[in-house]
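The values are calculated or read from the model by the stated rules, or taken from the named source; none is laboratory data. Since we're looking at a predicted model, the values are computed, not measured. Every residue, glycine as well, gets a Cβ built from its backbone with ideal geometry; the counts of neighbours run over all protein chains shown.
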């Protein structure tokens, strides 16, 4: 669980609600059904129109990673790669076959299978880098879904504000209906700007960061597997891979 993300959301929304209370406002003043429908519905509809179905669904699958980021444990993986390097030097590449079959990480398993099959080091690198680049692009496109929603939400909020003012202007003769129209106008703007800057844009940025960390982890895996294929000394492999610990 990423406590920093949870604490960040609590502080952000707490500051808005708390500031409103300090000014003498009430939470109920920030609750407005029509404004909610306009901003949330409009933003969701716009992003569904913009995004291919596969990208939209992938963004939803990755969204949970903001609060439960995947654990790309570099240090234990380095130790495994060094251990496999020692096995390969003693028993040959075929000695890694049983290890490859039981490896839970699908990316590492694919690299190990290429290794066991006797593929050339450059062929292994090229194959794994294609998969890395493809997955990275998919993850970055998923992050851009939330960033795009962060761009649409304030504009949809302004649309809601204008619609609220139109409602006000149409009911100038009925003072009893002016309040709800004005409330929708202002609250829609708050919803749009707040949703974008307190949630959607930070969400998209965090997803980009996680995508880059995953790519760096897989780059390290590629370096380790290629080094094993080249028969490099385990100590040299360890020294090279240790550089990824500072990332």
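A residue that is at pLDDT 90 or above and closer than 22 Å to residue 60 by Cα occurs nowhere in region 114-124. Please enumerate the residues belonging to region 106-121 that are surrounded by fewer than 17 Cβ atoms within 10 Å (Cβ to Cβ) and in contact (Cβ under 8 Å) with a residue 40 or more places away in the chain. 120, the sole residue that qualifies. Residue-level check: of (1) closer than 17 Å to residue 192 by Cβ; (2) touching a residue at least 24 places away in the same chain (Cβ under 8 Å); (3) surrounded by fewer than 17 Cβ atoms within 10 Å (Cβ to Cβ), residue 37 misses just (2). Residues in region 51-102 that are over 15 Å from the mean Cα position of the chain (by Cα), modelled with pLDDT of 90 or more and farther than 26 Å from residue 242 by Cβ: 51, 52, 53, 54. Taking each residue of region 80-101 that is under 12 Å from residue 229 (Cα atoms) and looking for partners that are outside any helix (DSSP H, G or I) and modelled with pLDDT under 90 with beta-carbon atoms closer than 7 Å, six or more apart or interchain, yields 93/118. Filtered by the rule that a residue be farther than 22 Å from residue 155 by Cβ and in contact with a helix residue (DSSP H, G or I) (Cβ under 6 Å, 6 or more places away or on another chain), region 44-63 gives 58, 62. Listed by first and then second residue, the pairs with beta-carbon distance under 7 Å, at least 6 apart or on different chains, first residue in region 181-200 and under 12 Å from residue 9 (Cα atoms), second modelled with pLDDT of 90 or more and assigned to a helix (DSSP H, G or I), are 195/39; 195/153; 200/146; 200/149; 200/150; 200/153.
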